[in-house]
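Take a look at the structure below.
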Amino acid sequence: MQNKYEQIAKKIIIRLERGETYLYGEEIYSGNKKSVISCAVARKQVPAMKKVVWETDEDAFVMVSDVREAVGGSFVKNSQ
């Protein structure tokens with residue numbers, strides 16, 4: 001069976017048309033291995049991103065951060 005993080009990543013690609021990067025880590029307290037999806041989205045896409053994540057895994061941890069600048073890939077460099 002496919003892991004939930006893989007299902008979430010595929011939905012993000014299809015619904016939000018965004019690419020992601022997998023990061024692999026380990027919880028310090030428990031030692032459990034974790035897969036993390038890193039994905040930059042526009043502010044207006046945050047609610048849709050949360051919906052995609054939580055409809056697939058209601059226990060998923062979501063962190064939203066303000067990013068000053070994102071360039072490269074599907075992000076166009078601002079001329080300023």
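A short reminder: the numbers here are calculations on the coordinates, not readings from a lab. Owing to the predicted nature of the structure, the values given are computational and were not obtained by experimental measurement. For neighbour counting, all protein chains shown are included, and Cβ atoms are generated from backbone atoms with ideal geometry for every residue, glycine included.
Assorted remarks:
- Residue ID - nearest to the chain's Cα centre (by Cα), chosen from residues in segment 9-51 that are within 23 Å of Gly72 (Cβ to Cβ) and among the β-branched types (Val, Ile, Thr): Ile37
- Search result, residues across segment 2-39 that are farther than 17 Å from Ala60 by Cβ and part of a loop (DSSP other than H, G, I, E, B): Glu17, Gly19, Ile28, Tyr29, Gly31
- Pairing each residue of segment 44-56 that is more than 16 Å from Val67 (Cα to Cα) and free of Cβ contacts under 8 Å to residues at least 12 places away in the same chain with any residue that is of a type in the set (S, T, N, Q) and not in a helix (DSSP H, G or I), provided the two are 6+ apart or on different chains, yields no C-beta distance under 8 Å.
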